[in-house]
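I am attaching a structure below and will ask some questions about it afterwards.
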Amino acid sequence: MRKKDITKLIIPDAPIKPGQMGYAVLNLQIVLDHIIKHKTKISKIEPGHYGPYTEKMLREFQGTHGLFPNGIYTPVTRLRIKEVLDGTNN
């Protein structure tokens, strides 16, 4: 995704926890996949369902960006994602 395409990413509101389902989870999965640059395989992830693979991606993001890797999408994690996407905290 080019820099200008980042504006198409939707950073969901927090909190989101493992086991939840819906569009907010799907948006979180898309954002995390963009940041972490995984070659996500559909077989590993159930779109819109916060399962083990989504939790693993979030923990990886949190640990890499100075947050406690608890796998729960909190307002602090949301802020850090926004900073990373804006280029203010890489």
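Every number here is computed from the coordinates shown, using simple stated rules; none is lab data. These numbers come from a predicted model, not from an experiment. Positions of Cβ are generated from backbone atoms using ideal geometry, with glycine treated the same way; all protein chains shown enter the neighbour counts.
Could you list, in sequence order, the residues of the range 66-80 that are aromatic (Phe, Trp, Tyr) and assigned to a loop (DSSP other than H, G, I, E, B)?
Answer for the range 66-80, where residues must be aromatic (Phe, Trp, Tyr) and assigned to a loop (DSSP other than H, G, I, E, B): just Phe68.
Next question. I'd like to verify a number: residues in the range 48-68 that are crowded, with 16+ Cβ neighbours inside 10 Å, over 12 Å from Ile16 (Cα atoms) and not basic (Lys, Arg), how many?
Matching residues across the range 48-68 total 7.
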